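*Asks:* Quick one: the structure is below, questions incoming.
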Amino acid sequence: MSAREQQANIGKVLGFLREWDRGDGSVRSRMLSTFLTENAGRTFYELELEFAQVASLFLARLTTWMRLTYMFGKFLGLQLKAIGIFLSTSNHDQYLMEFLGDGGVLILLDILSHSLIKEDDKAEALRLLLAVSNSGRECKELICESHGVRVIAEYLFVTKKADNQQTAGALLESLSHGNPKYQDQIYKNLIALTTCASPKVQQVVLHTLRTVQLKLKTADDSIVAPLLNMLRTLHPEVQHEAINLILDLKRQDVKATLLSGLLALLRPVTEEVQERQITEEAEMMKATGSLPVFVQQAAAAKAIRLLAEEDQELSRELLSLGVIQRLLYAMGNRDHTDAQIQASLALEHFVRSFPRIGEHVQRVMGSALFAAFMNRADAFHMKVDKRQAETLLSNQTDTTQPPDGHIGGDASPHEVNKTVLRSGQRSKKSHWCLIMNRLRSAMSKGQRARQEIVGTTTTVTRKRSKTAVKEENATNASSYHSFSEPADVVRLRSQLLSWYDEEKRELPWRTLAVTESDLNIRTYAVWVSEIMLQQTQVSTVKDYYNRWMKRWPTVQDLAAATLEEVNQMWAGLGYYSRGRRLHEGAQKVVSELKGQMPQTVDDLLKSLPGVGRYTAAAVGSIALGQVTGAVDGNVIRVLCRLRAIGADSTSPAVTEALWNLANMLVDPERAGDFNQAMMELGARVCTPKGPLCSQCPVQPHCRSYHKVHVKQEQNSKKLLGKLNKKISVLSDIEDCMNSGTCQLCPSEPWDDELGVQNFPRKPAKKAPRVERTLTCVVTRTGEEGDEYLLVQRPNKGLLAGLWEFPSLLLQEEHSEVKQKRSLCDEISRVLGARLTESLLQYVGEVVHIFSHIRQTYVVYSVRLEERDTQTQTENAQWLTRPALQDAAVSTGQKKIVKLFDSVDDPKEKTSKGGKRQNSSSLKSDKKLQTSKKARLAAANGGSRQLSLSSFFKTVKEECG
């Protein structure tokens, strides 16, 4: 290019940029349209030639204009397409780097998350993000670090355009090829997307999940529940992807959970089927002829067949889990043909692979039906009549033994009974019913067999007579107040842990438990946090914990401290015996356990003073990874509501039931996280008052919530005069079979106003003991200012070892004169010098509430003139004001100091005659101060609500 041509080109570009800078939106849109027409498909070098080597100046202007106007501008689509021309240039990444440097990724993500931006514009933004992601690993990291995965996932969840869904899925898949540290983030967001209602999104998500799953060495348990839930879809393409993902997971560490979940789906819970028939899925059943729970049953049978056909070892594992009994049950479901067909095909595989299983199945079906089954399994459902279906549904086959451990058909009734007893998964009731069925079937085999079985049933009857009716009622009740289906437990774990991973608070002891590699320090740190958190709020504990761990980071450091130092550090945290027991425990660990913290729950319970069942379980699960439940106040509330346990939560029966529940539910892989998630749920969602049921991750499992829902629906129908019989059937599901005798059911009637707060019902609190204590603030003039006399409390009992002002518990009401005389005697004993009652000045009263005591301190003060006044007892000392503030004193004593300060200013609180003002004048002063504070708080947006006029007046003043 000649110099003249180059100069002309530069002039053209400068004119273009000048017109751009001066033009309004319509001018710029016209220029953009021309730019798009003339430059589509150009390379980097062609654009540089066109713009005289300064194309970047136009890109910068374009990006800046978009950043300023994308939320309300009319030309967003043109802007995005123009930027796309720059980003699509080949063989060079200069434009990309400049766009990213101007915050381009954040703008594109904002566009995706903005609710008012058009879908077409969001489609352009998605394509640009995909181009950025495909440009290299660093670009993928930038998107992920900008919370792009969450934004893209949320957009994919809400968009209804198929093309955009496909692009968003491709973008997530592209991001998964980047830095491995972000793969888990992408993985969990994809799992969360499986709950989306759009079949297209579900298909895209499942396909992408399969790609990501192949890159991960492990699978997260949280994938199992939503994946199994997707099997109930009526869209074949979604179900196909879900089953393929299940097949991909067969070698992952979620295999056991996945297989148990699939087996559970073969036998839907009766209550769930009835509920769905009556409520929200009635219309779907009317339209399709299928309940989703039965579609899920068929899909589970298909998945089981495909898994078993691919792997003989998996077949054996499924047999050990009782797959045959559940497949027979599904084959008896005459309400859903596909479930019968898929279960028949799956059962056919097991029968042909393991001949002895075939013998077992033949005894259940009978020879004629079994022959029809083996002839053509896919048409077996056409041969099953109502009576035969009932036989399949009620089958109690036990094929949990390996195929070579087969129970032969010639086994004696006594051997049959022993086989039944070996099955550890049956209740006493099912055991009894099974024996009776065996008895009926054996009647035709002769008198001897009959006598043997009658003898066996007599033995069992004698055993039942010992347990009596109460134990049978307790068994029935526990099935209602517990979890009978393993799949429900798996789903609850997954839902709760997924919520916890997203919503958990960042707390110092949690961070330390995760990051500390030294097992001894980790156990010590969690122990300290659990002791501090007993009866104390998290917000209060955090600062104390940080200071404690900074001063005593190891158990050896704590053991070397003095009790005085521990009490000083603990001052203000309350329940002071906890600090003393921590100190005692640390010294015991160092002296008796060679500095090694106990490594099991039992050892924690036995070795450490002040550690009970809960604390041992919490420390064991969080710090040591022990698989055990932990039941504290929050967990009690959550479990009681989940399983409608309304009896006194402190009773032995309820306590044991709750611990059994906790141990059943705890996740074996993440026991510590699960226990903390339960506590977090109780603290933040399932609260004592005002529970946030709509935000609860385990709401589908909550019997209390469901009962409230049923009651509300009943009441609504009553108001409309449309209450029908179906609703009354639904309410029956919510009642325990033996509510009259069940030890876990509430003894009080249901209260509609309480809702889920009907559970648990706590006994009425015992009124706190009322005490009055005389106390005196004794001061003197010291070398560094005023000094205060404090005495130490006994080493046992309330506030053991803490320091306080000289005090005397009032045993009975005395006159003021007698009170002063008694208090003077106590102070004189400490000082070894006689005081007269006239020196005491009344200050006021302070009320402090302990857990079981309402303490009123009647406060006096006295000032000593002699500087050399010495204490005469070992447990007394003089402290300066700074030392007093740092001393191991209780909150009640701090309140006394605050009261003393408010009346002890000689300039304001002493009359001209040198006498203190009386209490009434002090009260009037306090009222005046209170009113001033209230007005000030109102003016500054305090907790009191302003009137509208006051509000606008305040705003006007602030703005002015």
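The values are calculated or read from the model by the stated rules, or taken from the named source; none is laboratory data. On a predicted model such as this, the values are computed, not experimentally measured, just so you know. With ideal geometry, Cβ positions are generated from the backbone for all residues, glycine too; neighbour counts draw on all protein chains shown. Side chains included, ligands, DNA and RNA excluded: accessible areas come from the protein's heavy atoms. Shrake-Rupley method; radii C 1.70, N 1.55, O 1.52, S 1.80 Å.
*Asks:* Return yes or no: is Ala644 in contact (Cβ under 8 Å) with a residue 60 or more places away in the chain, of a type outside the set (S, T, N, Q), within 21 Å of Glu748 (Cβ to Cβ) and surrounded by 15 or more Cβ atoms within 10 Å (Cβ to Cβ)?
*Replies:* So Ala644 fits the description; yes.
*Asks:* Just checking, which of Lys250, Lys217 is buried (at least 16 other Cβ atoms within 10 Å of the Cβ) and charged (D, E, K, R)?
*Replies:* When all the criteria are applied, what remains is Lys250.
*Asks:* Next question, about the same structure. Identify all residues within the range 533-565 that are on the phi < 0 side of the Ramachandran plot and in contact (Cβ under 8 Å) with a residue 60 or more places away in the chain; write none if there are none.
*Replies:* Across the range 533-565, the qualifying residues are Gln534, Val538, Leu563, Glu564.
*Asks:* If the requirement is being basic (Lys, Arg) and more than 23 Å from Val708 (Cβ to Cβ), which of these qualifies: Arg641, Arg684, Arg637, Arg613?
*Replies:* When all the criteria are applied, what remains is Arg613.
*Asks:* Exactly one of these conditions fails for Gly610: (1) modelled with pLDDT of 90 or more; (2) not in a helix (DSSP H, G or I). Give me its number.
*Replies:* Of everything listed in (1) modelled with pLDDT of 90 or more; (2) not in a helix (DSSP H, G or I), Gly610 misses just condition (1).
*Asks:* Another question, if that's okay. Sort through Leu840, Leu835, Leu831 and tell me the only one that's over 54 Å from the mean Cα position of the chain (by Cα) and in contact (Cβ under 8 Å) with a residue 60 or more places away in the chain.
*Replies:* Going through Leu840, Leu835, Leu831 in turn, just one is over 54 Å from the mean Cα position of the chain (by Cα) and in contact (Cβ under 8 Å) with a residue 60 or more places away in the chain: Leu840.
*Asks:* Considering (1) part of a helix (DSSP H, G or I); (2) open to solvent by 70 Å² or more (accessible area, probe 1.4 Å), say which one Leu496 fails and leave the rest.
*Replies:* (2)
*Asks:* Just to be sure before I move on: is Thr233 touching a helix residue (DSSP H, G or I) at 6+ places or on another chain (Cβ under 7 Å), β-branched (Val, Ile, Thr) and surrounded by 23 or more Cβ atoms within 10 Å (Cβ to Cβ) in the structure I sent?
*Replies:* No.
*Asks:* Of the residues that sit in the range 504-533 and are under 16 Å from Asn675 (Cβ atoms) and charged (D, E, K, R), which one is least open to solvent (accessible area, probe 1.4 Å)?
*Replies:* Only one residue fits best here, namely Glu530.
*Asks:* Count, please, the residues in the range 553-585 that happen to be under 16 Å from Asp518 (Cβ atoms) and assigned to a helix (DSSP H, G or I).
*Replies:* Selection size over the range 553-585: 4.
*Asks:* Right, here's the next one. Which condition from (1) closer than 21 Å to Pro236 by Cα; (2) assigned to a helix (DSSP H, G or I) is the one that Leu327 breaks?
*Replies:* Only one criterion in (1) closer than 21 Å to Pro236 by Cα; (2) assigned to a helix (DSSP H, G or I) is unmet by Leu327, namely (1).
*Asks:* Also, quick follow-up: What number of residues within the range 330-340 satisfy the criterion of being without any contact (Cβ under 8 Å) to a residue 60 or more places away in the chain, part of a helix (DSSP H, G or I) and open to solvent by less than 40 Å² (accessible area, probe 1.4 Å)?
*Replies:* 2
*Asks:* Consider Ala60 carefully, then state whether it is assigned to a helix (DSSP H, G or I) and among the hydrophobic types (A, V, I, L, M, F, W, C).
*Replies:* Yes; evaluated as a whole, the condition is true for this residue.
*Asks:* Within the range 821-867, which residues are hydrophobic (A, V, I, L, M, F, W, C), over 16 Å from Val791 (Cβ atoms) and open to solvent by less than 70 Å² (accessible area, probe 1.4 Å)?
*Replies:* Scanning the range 821-867 gives Leu840, Val843, Val846, Val847, Phe850, Ile853, Val858.
Each row is one residue, and each column tells you yes or no for (1) hydrophobic (A, V, I, L, M, F, W, C); (2) open to solvent by less than 10 Å² (accessible area, probe 1.4 Å).
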| residue | (1), (2) |
| --- | --- |
| Arg150 | no, no |
| Tyr155 | no, yes |
| Lys161 | no, no |
| Ala170 | yes, no |
| Asn179 | no, no |
| Gln185 | no, no |
| Lys188 | no, no |
| Ser198 | no, no |
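*Asks:* Yes or no: the range 208-228 includes at least one residue that is among the β-branched types (Val, Ile, Thr) and out of contact with any helix residue (DSSP H, G or I) (no Cβ under 7 Å at 6 or more places or on another chain).
*Replies:* yes
*Asks:* Out of all the residues in the range 36-61, which are in contact with a Phe, Trp or Tyr (Cβ under 8 Å, 6 or more places away or on another chain) and open to solvent by less than 40 Å² (accessible area, probe 1.4 Å)?
*Replies:* Phe44, Leu47, Phe51, Ala55, Ser56, Phe58, Leu59
Residues are listed down the side, and each one gets a yes or a no for (1) among the small types (Gly, Ala, Ser); (2) at pLDDT below 85:
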{"site": "Ser2", "(1), (2)": "yes, yes"}
{"site": "Val27", "(1), (2)": "no, no"}
{"site": "Arg42", "(1), (2)": "no, yes"}
{"site": "Glu46", "(1), (2)": "no, yes"}
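*Asks:* Let me ask something else about it. When both residues are 6+ apart or on different chains and their Cβ atoms are under 6 Å apart, which pairs have a first residue that lies in the range 671-695 and is in contact (Cβ under 8 Å) with a residue 24 or more places away in the chain and in a helix (DSSP H, G or I), and a second that is open to solvent by less than 10 Å² (accessible area, probe 1.4 Å) and charged (D, E, K, R)?
*Replies:* Note: pairs meeting the criteria are Phe674/Asp667.
*Asks:* In the range 657-716, which residue that is under 27 Å from Cys742 (Cα atoms), modelled with pLDDT of 90 or more and β-branched (Val, Ile, Thr) is most open to solvent (accessible area, probe 1.4 Å)?
*Replies:* It comes out as Thr687.
*Asks:* Here's a follow-up. Which one of the conditions (1) modelled with pLDDT of 85 or more; (2) out of contact with any helix residue (DSSP H, G or I) (no Cβ under 8 Å at 6 or more places or on another chain); (3) outside any helix (DSSP H, G or I) does Ser115 fail to meet, given that it meets all the rest?
*Replies:* Every listed condition holds for Ser115 apart from (1).
*Asks:* While we're looking at this one, here's another question. Return a yes/no flag: does the range 615-625 have any residue that is open to solvent by less than 20 Å² (accessible area, probe 1.4 Å), free of Cβ contacts under 8 Å to residues at least 40 places away in the same chain and part of a helix (DSSP H, G or I).
*Replies:* Among the residues of the range 615-625, at least one is open to solvent by less than 20 Å² (accessible area, probe 1.4 Å), free of Cβ contacts under 8 Å to residues at least 40 places away in the same chain and part of a helix (DSSP H, G or I), which makes the answer yes.
Rundown of residues vs (1) within 30 Å of Cys824 (Cβ to Cβ); (2) surrounded by 12 or more Cβ atoms within 10 Å (Cβ to Cβ); (3) among the polar types (S, T, N, Q), yes/no style:
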position: Pro749; (1), (2), (3): no, no, no
position: Glu753; (1), (2), (3): no, no, no
position: Arg761; (1), (2), (3): no, yes, no
position: Glu771; (1), (2), (3): yes, yes, no
position: Thr775; (1), (2), (3): yes, yes, yes
position: Thr781; (1), (2), (3): yes, yes, yes
position: Asp786; (1), (2), (3): yes, yes, no
position: Val791; (1), (2), (3): yes, yes, no
position: Leu799; (1), (2), (3): yes, yes, no
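Matching residues to (1) under 35 Å from the mean Cα position of the chain (by Cα); (2) over 23 Å from Ser176 (Cα atoms); (3) surrounded by 15 or more Cβ atoms within 10 Å (Cβ to Cβ):
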site	(1), (2), (3)
Thr69	no, yes, yes
Phe72	no, yes, no
Phe86	no, yes, yes
Asp120	no, yes, no
Ser135	no, no, yes
Ser146	yes, no, yes
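*Asks:* Moving to a separate point now. With surrounded by fewer than 17 Cβ atoms within 10 Å (Cβ to Cβ), modelled with pLDDT of 85 or more and assigned to a helix (DSSP H, G or I) as the only criterion, which of Lys818, Lys894 stands out?
*Replies:* Checking each option against the conditions leaves just Lys894.
*Asks:* If you go through the range 550-582 one residue at a time, how many are open to solvent by 20 Å² or more (accessible area, probe 1.4 Å), at pLDDT 85 or above and under 22 Å from Ala617 (Cβ atoms)?
*Replies:* Selection size over the range 550-582: 1.
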